[in-house]
Amino acid sequence: MGNNSTSDVSKALPADTRDGTQEKNSLVVCFGEMLIDFVPTVGGVSLAEAPAFKKAPGGAPANVAVGISRLGGSSAFIGKVGEDEFGYMLADILKQNNVDNSGMRFDAGARTALAFVTLRADGEREFMFFRNPSADMLLRESELDVNLIKQASIFHYGSISLIEEPCRSTHLAAMNLAKKSGSILSYDPNLRLPLWPSAEAARQGIMSIWDQADIIKISEEEISFLTKGDDPYDDNVVLEKLFHPNLKLLLVTEGPDGCRYYTKGFKGRVAGVKVKAVDTTGAGDAFVSGILNSLASDLNLYQDEKRLREALLFANACGALTVTERGAIPALPTKEAVVQVLPKVAA
């Protein structure tokens with residue numbers, strides 16, 4: 001998949017696609033930030049105590065794009081990085097992972113975003129971001145790869161790209177274009193409070209595009225945050241405050257405990273896959289990759305509860321395998337690896 005021109009996306013897809021229509025229609029386009037995470041070389045320390053840091057590619061939408069590709073799916077990433085060593089490195093990592101990076105743009109005047117991330121001894125993650133402004137915040141509507149967006153069967157995004165202009169307007173324009181082209185809109189708010197001006201700004205920003213999504217994935221903490229402290233385990237809270245009329249599928253991830261699902265017709269829970277956790281970075285993104293990869297090849301999956309549950313068990317296994325290794329992108333599993341842990345679960 002070395003050729004990155006958008007017209008060649010369909011040719012570059014796996015040869016075993018089931019029929020001609022599958023070729024274009026299984027593409028998942030991920031929009032938003034890609035950055036470098038600096039992770040301490042030792043675990044359980046604060047950022048100040050860390051003796052050294054290891055660089056790891058990150059950014060939730062980019063992680064999802066790589067995750068889908070690892071699972072054998074077809075994905076593309078749209079976003080902006082700095083015209084610097086880190087920016088070129090990130091573009092190259094996407095290419096090496098068979099993600100179409102033709103929608104990436106490079107900014108000569110701003111740096112690629114950096115984030116220092118640590119897992120403290122109390123298990124909490126601590127973030128420190130360097131983006132003042134970083135290149136990802138400066139993507140303009142005129143820089144969007146319109147043809148690539150039009151080819152998306154699923155258009156996936158987060159909320160970090162909503163924080164600052166011009167990226168916010170670009171995000172809204174891209175969503176609009178994807179919707180008009182018949183794409184399914186997939187939203188993982190991926191709350192990062194330190195990046196927002198205030199908690200209230202984060203709440204309003206995340207909810208400002210809530211009712212446009214077809215699929216939403218949130219965590220228990222995000223439910224508590226968005227509902228200002230309501231019980232995240234209460235189905236009524238979720239259905240009354242977060243489910244909206246346009247929504248096809250709402251997913252709530254519960255870490256090692258698995259996930260819950262809500263559709264117009266049914267709701268339920270799928271148990272997690274038990275593993276020994278080393279680093280939780282990227283687990284949610286791996287879960288999203290798993291479910292979007294299944295949806296891309298079967299767009300009506302959410303209407304059949306049995307098939308949906310199978311796909312969610314697969315997605316839970318994707319998330320579980322990711323926490324057994326450090327870093328997000330290096331830890332994202334292949335389809336073969338996921339299939340290997342699944343029979344044990346079923347048994």
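Please treat every number below as a calculation from the coordinates, not as lab data. Here the structure is a predicted model, which is why all the values come from computation and not from measurement. Because the Cβ atoms are built from the backbone with ideal geometry, glycine has one as well, and the counts that use them run over all protein chains shown.
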Problem set entry | Scan of the stretch 179-205 for residues that are within 14 Å of LEU226 (Cα to Cα), hydrophobic (A, V, I, L, M, F, W, C) and in a helix (DSSP H, G or I), ordered by number | LEU193, ALA199, ALA201, ALA202
Problem set entry | Residues of the stretch 63-89 satisfying the condition of being under 11 Å from ILE36 (Cα atoms) and in contact with a Leu (Cβ under 8 Å, 6 or more places away or on another chain) | VAL81, PHE86
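Residues of the stretch 71-97 being of a type in the set (Lys, Arg) and touching a Cys at 6+ places or on another chain (Cβ under 9 Å), which ones?
Step one: filter the stretch 71-97 for residues of a type in the set (Lys, Arg), giving 80, 95.
Once the filter is applied, which keeps residues that are of a type in the set (Lys, Arg) and touching a Cys at 6+ places or on another chain (Cβ under 9 Å), the stretch 71-97 yields only LYS80.
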For this session: Please verify whether the stretch 133-154 includes one or more residues that are closer than 21 Å to LEU251 by Cβ and of a type outside the set (Val, Ile, Thr).
Result: yes
For this session: Starting from the stretch 245-256, take each residue that is more than 12 Å from TYR187 (Cβ to Cβ) and list its partners that are polar (S, T, N, Q), counting only C-beta distances under 9 angstrom and pairs at least six apart or across chains.
Result: VAL252/SER219; THR253/SER219; THR253/ASN316; GLU254/SER219; GLY255/SER219; GLY255/THR280
Exercise. What strands (runs of 3 or more DSSP E) completely inside the stretch 238-332 contain at least 3 residues that are hydroxyl-bearing (Ser, Thr, Tyr)?
Worked result: none
Exercise. Which of the residues belonging to the stretch 218-244 are of a type in the set (Phe, Trp, Tyr), touching a helix residue (DSSP H, G or I) at 6+ places or on another chain (Cβ under 9 Å) and either touching a residue at least 24 places away in the same chain (Cβ under 8 Å) or closer than 16 Å to LEU185 by Cα (or both)?
Worked result: PHE225
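Could you check how many residues of the stretch 141-160 are of a type in the set (Ser, Thr, Tyr) and buried (at least 23 other Cβ atoms within 10 Å of the Cβ)?
Of the residues in the stretch 141-160, the ones of a type in the set (Ser, Thr, Tyr) are 142, 153, 157, 159.
Those left that are additionally buried (at least 23 other Cβ atoms within 10 Å of the Cβ): 157, 159.
So the answer is 2.
Picking from ASN300, ASN293, which residue would you name as being under 20 Å from the mean Cα position of the chain (by Cα) and closer than 23 Å to SER75 by Cα?
Values: ASN300 fails: under 20 Å from the mean Cα position of the chain (by Cα).
Answer to the check: ASN293.
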Exercise. Which residue pairs have Cβ atoms closer than 8 Å, lie 6 or more positions apart in sequence or on different chains, and pair a first residue in the stretch 122-151 that is under 23 Å from SER46 (Cβ atoms) with a second residue that is among the hydrophobic types (A, V, I, L, M, F, W, C) and part of a loop (DSSP other than H, G, I, E, B)?
Worked result: GLU126/LEU47; MET128/LEU47; PHE129/ALA113; PHE130/ALA113; ARG131/ALA113
Exercise. Which condition number does PHE106 fail, the rest of (1) under 18 Å from HIS171 (Cα atoms); (2) of a type outside the set (Asp, Glu); (3) more than 20 Å from the chain's Cα centre (by Cα); (4) not in a strand (DSSP E or B) being met?
Worked result: (4)
